[in-house]
Each structure stands twice: as C-alpha cells, then as structure tokens.
Amino acid sequence: MEESFDKDIVTAVRRFVERDVIPTASDLEHADEYPHALVATMKELGLFGCTIPQEHGGLGLSFLSYARVMEELSRGWMSLAGVINSHLIMAFIITHHGTPDQKKYFLQAMARGEKRGGLALTEPHAGSDVQSLKTIAKKKGDDYILTGSKMFITNARHGTMLAVAAKTDPTAKPAYAGISMFAVEKSDAGPTVSRNLKKLGYKGIDTCEVLFEDVPVPTTHLIGGGEGLGFKQVMSALEVGRINVAARAVGVGQAALENALRYAQQRTAFGKPIWQHQAVQLLLADMATNIEAARLMVHNAARKKDAGERCDIEAGRHARRPRSMRCGYSAATASWRNFRSRDSIATPR
Ligand SMILES: Cc1cc2nc3c(=O)[nH]c(=O)nc-3n(C[C@H](O)[C@H](O)[C@H](O)COP(=O)(O)OP(=O)(O)OC[C@H]3O[C@@H](n4cnc5c(N)ncnc54)[C@H](O)[C@@H]3O)c2cc1C
C-alpha cells in the first residue's frame, strides 16, 4: 500500500515535469528567474512535505522514494530539487530533535509549504569546518540575540525561515559542544538577506548572504530546548541533503542520456543515423551503465537512512567518487554532443 502510494507520487511528479517543467526550465534558468508558478504546483503536489511524517501533515515518503522524486524533478530542472532540499533538512531537524511544541508549530505549516525553510550553517570562513562558525547567540530574557553572517544560504530570500547554527558557548571544548540550532522566522527585526550570490548554473533558485545584526529569537525556538545539541542535530540532517544532491546528479545524467539518444536517432552521418555507428553505441551504453550505477548507489544510501543507519559515506561517495564523476562526465559528453542539435531537440534543458 505504502509502496504504491509512493509510486503514485513519483508518477505524478514525472507528469508535472513533462507538462510544466521541461517546457519552461531553460528560459527560467537563463533568465535566473525564481520559478513561482512551478513552486506553487509543487506545493499542491505536497512536495514540501515529502519526508515529513503523515502524523504532522506530510506525505511521509521513505528516503528511497524521496530520492526517486528528486531524480524526477532534476530530470526537468535541478534547481527545483534545491527549493525542496534545505526546507526538508530543516523539517528533519525539527521532526527528530524538536520539542513537541516546535513540531506542532512548524511541521504542519511546512508540509503545506506555507512556512518555507532553509539551513543557515555556512559562514564566509566556515564551510566543511562547521565547528569554526562564529555566529553567536546570547540569552537575554525570553530571547536569544543572534549576531553573525552566513554565506551561500539557499532559499533565504523566498523562504520564510531558517534553521540557524550559532554558538551559545563560544568557549566550549570541543567546539562543537557549544553549537545550538535555532528556528528563526524572518521578521522586521531580521535577519537581513543582504545579497543574492551569482552562480554559474543552478540558477533561478536564491542562494544568498544573510546577516544577523542582533536578531532576537524566542527561547522557545531553540531546537530541542537545550543548548549545545546543534552539531549532532544538523549532522544527521545533512545526510538528507546529501541524498537530495546525489539524486539530482542522477536526474541530470538521465536527462542528458535521453537527449543524447534522441539526437543519435535524428542526426545522420555517412548515410545513417549516428546511433548505428558502433562507436556511438558504445558511448551511449557507457553512459547508461554509469547512470544506473550512480542511481543504485543513491538508492543504497537512501535505504540506509530509511533503516535508521548512517549514510553519510554512501551519499557523500556518490557526489565525490569516480562513478559519479563518470556520471557527470556522461552528462557533459551528452550535453556537448547535443550542443549542435539544440534547435532540433524538442525539449532543450
Ligand atoms: C550553490 C550552493 C548552495 C549552498 N547552499 C547552502 C545552504 O543552503 N546552507 C548552508 O549552510 N550552506 C550552503 N552552501 C555551502 C556549502 O555547504 C559549502 O560550500 C560546503 O560546506 C563547503 O564549504 P566551503 O565552500 O567553505 O569549502 P571549504 O570547507 O573551505 O573547502 C574548500 C576545499 O577544501 C576541501 N577540504 C576541506 N576540508 C578538508 C579536509 N579536512 N580534508 C580534505 N579536504 C578538505 C573541500 O573538499 C574543498 O574542496 C551552499 C553552497 C553552494 C555552492
């Protein structure tokens, strides 16, 4: 029953991608335009609640099904998977580490896409080395006052709130023990989304610099209600993000393969469609093999997350190791080969 429900969602997303995304993605990407209409349909489809449990109003999909949904979205346009990604990272933190009141306050609205989240972890001088972040949260009465700056924050401009990592004890040893997570809703008091960052590709979606200049956050929005728990909370949620990002690579590779197949059937050279030349057949077979291998690696990571196991190595491996690089290479090869045929292919991406 659950499996057929999940399958229906994947099918519905595929239809949405074919009907609405593929015809518009190229224009939105090149114009670097936020896809408001597509996001509205994603809300209707319930995608903002993909992995939020049904008891909190979400679809309650397994991470395996989530990976398949993100692959389908990215097959049309990778930026759409980004709109969902850090929103569901935040939802995961609240689902697994939030207080009962926090779950009640945030999750239903997040599942409907009314409250739209993001993750504010990275700082100008602190990326992989999360422990070295400098944003400070000082308790003052019923609030924490947040001061610092965050970099590369996806969904900061079009979202309504952020899960923010800040140090409640900057002197803690080890340093990670001083990090806490806050659910910060945007208001007149801040934070300030100071600028959108320019990107080469992955456009349309907002990736921003965010400033916290003495921003008050109610103590009730300290996630989990205790200080110093943030590092562990965010690390388990980053695995959800890695599954999303790895599934994107598979979706982009799949789209490239499909375009390459179409082109190979349309283009003729030396009297026949180029797919009939054995060298081209070998290339296409190589692409299909690499993409399928990458897909299985992502599914393996997702199954581990579903079983409650760590999957950082499995999901991260996909993004960094040779197989995935070959998948990326295949996509690049296909894109290059398609370059000349852009006008002749019905669905350019
Ligand atoms: C488009 C985009 C969107 C993003 N969205 C978000 C977001 O929504 N929220 C958020 O918080 N962050 C976001 N990020 C930030 C992203 O998570 C960071 O870029 C990432 O954590 C890496 O940090 P860094 O770029 O500072 O690189 P660094 O940590 O400075 O790393 C630089 C290089 O050194 C390597 N390196 C670092 N440490 C080691 C080590 N111990 N051993 C070997 N090699 C090492 C890295 O692999 C990398 O190649 C986004 C980034 C991009 C580009």
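Read-outs: derived from the displayed coordinates by stated rules, not from any lab. Note that the structure is a prediction, hence the values are computed from the model and not measured. Neighbour counts are summed over all protein chains in view; Cβ atoms, including those assigned to glycine, are modelled from backbone coordinates with ideal geometry.
Some notes on this structure:
- Whole-Hz Karplus values for the range 240-253 come out as 4, x, 5, 4, 4, 5, 5, 5, 4, 4, 5, x, 5, x Hz, taken residue by residue from phi with 6.51 cos²θ - 1.76 cosθ + 1.60 and θ = phi - 60°; glycine and proline positions read x.
- Percent breakdown of C-alpha pair distances by 5 Å bin, ordered from the shortest bin, for the range 172-300: 2, 8, 10, 11, 13, 12, 10, 8, 7, 6, 5, 4, 3, 1, 0
- With the alpha-carbon atoms of the chain aligned to their principal axes, the span from lowest to highest coordinate is 80, 44, 38 Å, starting with the largest.
- Relative to the compact-globule estimate of 2.2 N^0.38 Å, the Cα radius of gyration of the range 134-176 comes out at 1.34.
- Entries in K150/K304; K167/K304; K138/K232; K43/K103; K203/K232 that, when Cα-Cα distance is taken, lie over 27 Å: K150/K304; K167/K304; K203/K232
- Annotation: amide H of L229 within the under-5 Å range of M181, sequence separation 5 or more or interchain, hydrogens built in the peptide plane.
- When only alpha carbons are used to place a centre, the range 180-200 and the range 260-309 end up 39 Å from one another.
- Dividing the C-alpha radius of gyration of the range 11-162 by 2.2 N^0.38 Å, with N its residue count, gives 1.13.
- Cut-off under 5 Å, modelled amide H: who pairs with Y144 long-range: V217, T219
- Packing-based ranking, highest mean first, of 279-286, 40-47, 60-67 given that Cβ atoms within 10 Å are counted: 60-67, 40-47, 279-286
- Each peptide among 89-96, 157-164, 143-150, 186-193 gets the average number of other Cβ atoms lying within 10 Å of its residues, and from highest to lowest they stand as 89-96, 157-164, 143-150, 186-193.
- Net +/- balance of residues flanking L197 in space, Cβ distance below 15 Å, scoring K and R +1, D and E -1: +2
- In order along the range 32-42, the phi-based Karplus estimate (6.51 cos²θ - 1.76 cosθ + 1.60, θ = phi - 60°) of 3J(HN,Hα) comes to 6, 10, 5, x, 4, 5, 5, 5, 4, 5, 4 Hz; Gly and Pro are listed as x.
- log₁₀ of I(q)/I(0) at q = 0.30 Å⁻¹ - the range 10-58, Debye sum with one point per alpha carbon: -1.12
- Convex hull per residue volume in Å³, alpha carbons only, for the range 40-92: 69 Å³
- Put simply, the range 137-218 fits an ellipsoid with semi-axes of 25, 16, 9 Å; these come from the alpha carbon gyration tensor as the roots of five times its eigenvalues, largest first.
- The range 164-180 - phi-based ³J(HN,Hα) in whole Hz, Karplus 6.51/-1.76/1.60, Gly and Pro as x: 10, 8, 8, 8, 8, 9, x, 9, 4, 10, x, 4, 4, 5, x, 8, 10
- Rounded to the nearest 10 degrees, the angle from helix 322-339 to the longest Cα principal axis of the chain is 60 degrees.
- Averaged over residues, the count of other Cβ atoms within 10 Å places the peptides 167-175, 69-77, 104-112 in the sequence 69-77, 104-112, 167-175, highest first.
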